[in-house]
Amino acid sequence: MSRKPFVAGNWKMNMLRSDAEKLVNELKPLLEGIDSVDAAVCPTFTALGKVADALAGSKIMLGAQNIHTVEKDGAFAQNGAYTGELSAEMLKDACVSWVILGHSERRQYFGETDAGVNAKVKSCFAQSLKPIVCVGETLAERDLEQTNAVVEVQIRGCFAGIPADQAKECVIAYEPVWAIGTGRTATPQQAQDVHAHIRSVLASMYDKATADAIRIQYGGSMKPGNAAELLAQPDIDGGLIGGASLKAEDFAAIIKAGVK
Ligand code: 13P
């Protein structure tokens with residue numbers, strides 16, 4: 001099963017609008033002619049409009065870092081009295097196609113749960129947005145050899161009730177919490193082992209064909225210097241890049257490392 005690699009930049013709470021526009025304008029020529037790897041940038045909400053304009057006519061896709069999901073009268077509310085929040089319809093209106101969900105920073109600082117992510121996945125599909133669902137263990141969990149169990153619970157919770165045809169459209173990002181922003185990357189073998197485990201969980205929830213279709217990104221201190229060996233692993237289908245996505249040359253180098 002060949003899966004097209006997908007590298008996305010999670011800009012987190014970085015980049016004013018002018019910096020965002022500059023970065024995208026530097027990135028575009030660097031990615032000219034690269035068709036075998038999908039690329040996306042996920043700016044802050046305030047920079048979405050600027051970045052969408054700068055991306056016009058380019059193959060680089062636009063993502064957001066969160067969404068607000070609330071069910072009202074059996075449907076997902078797309079507007080209403082939810083101060084400070086943005087609906088799926090609003091993101092779609094801002095030219096977004098991907099939404100990062102359940103990032104460990106949102107789980108840690110904002111109390112996101114697998115059940116909440118699950119509702120967000122459903123609300124994304126209701127507006128034809130595609131989710132990037134983040135999972136990953138803490139260092140304490142890894143040390144206790146709970147990694148596989150932790151990611152299995154996360155995957156089962158986040159994908160509960162999601163039909164196979166939608167699951168195939170989702171991307172999963174395996175991001176070991178201890179590797180995020182620490183400079184400490186999972187070894188290619190450590191990452192591959194968890195990716196293969198995630199795929200086996202998906203195969204047991206759905207079937208092998210569905211599991212084989214789902215792209216699983218690695219995230220956590222991925223850089224130009226370690227991208228190629230991570231991306232060479234059979235179950236690593238791309239990356240979700242934090243720090244290194246804030247520099248056009250570094251982000252482009254990671255994307256190029258995914259070209260087969
Ligand atoms: P870093 O690449 O900065 O470690 O961040 C990874 C990440 O959290 C991407 O979502």
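Summary of values
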item	result
Residues located in segment 76-106, provided they are open to solvent by 40 Å² or more (accessible area, probe 1.4 Å), in contact (Cβ under 8 Å) with a residue 12 or more places away in the chain and not in a loop (DSSP other than H, G, I, E, B)	F76, E89, M90, K92, E105, R106
Filter pass, A232 being touching a residue at least 12 places away in the same chain (Cβ under 8 Å), farther than 29 Å from E21 by Cα, among the small types (G, A, S) and open to solvent by less than 30 Å² (accessible area, probe 1.4 Å)	no
Wholly enclosed helices (runs of 4 or more DSSP H) of segment 157-260 bearing at least 3 residues closer than 16 Å to F6 by Cβ	188-205, 224-231, 248-257
Residue match in segment 237-254 (condition: away from the ligand (no atom under 16 Å from the Cβ) and either surrounded by fewer than 24 Cβ atoms within 10 Å (Cβ to Cβ) or in contact (Cβ under 8 Å) with a residue 40 or more places away in the chain (or both))	no
Among (1) open to solvent by 20 Å² or more (accessible area, probe 1.4 Å); (2) among the acidic types (D, E); (3) under 28 Å from P43 (Cα atoms) - the single one D212 does not satisfy	(3)
Matching residues, segment 48-62, being over 14 Å from E26 (Cα atoms), of a type in the set (A, V, I, L, M, F, W, C) and part of a helix (DSSP H, G or I)	L48, A52
Close pairs from segment 1-20: first without any contact (Cβ under 8 Å) to a residue 40 or more places away in the chain and open to solvent by 40 Å² or more (accessible area, probe 1.4 Å), partner hydrophobic (A, V, I, L, M, F, W, C) and not in a loop (DSSP other than H, G, I, E, B), Cβ under 8 Å, at least 6 apart	L16/A47; R17/A47
Selected residue (only one of K168, K223 is within 14 Å of the ligand (Cβ to nearest atom), open to solvent by 60 Å² or more (accessible area, probe 1.4 Å) and within 17 Å of the chain's Cα centre (by Cα))	K223
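The values are calculated or read from the model by the stated rules, or taken from the named source; none is laboratory data. It should be emphasised that the depicted structure is a prediction, and the values quoted were computed from it without experimental measurement. Here the Cβ is made from the backbone with ideal geometry for all residues, glycine too, and neighbour counts use every protein chain on show. What goes into the accessible areas is simple: the full protein's heavy atoms, side chains included, and nothing from ligands, DNA or RNA. Shrake-Rupley method; radii C 1.70, N 1.55, O 1.52, S 1.80 Å.
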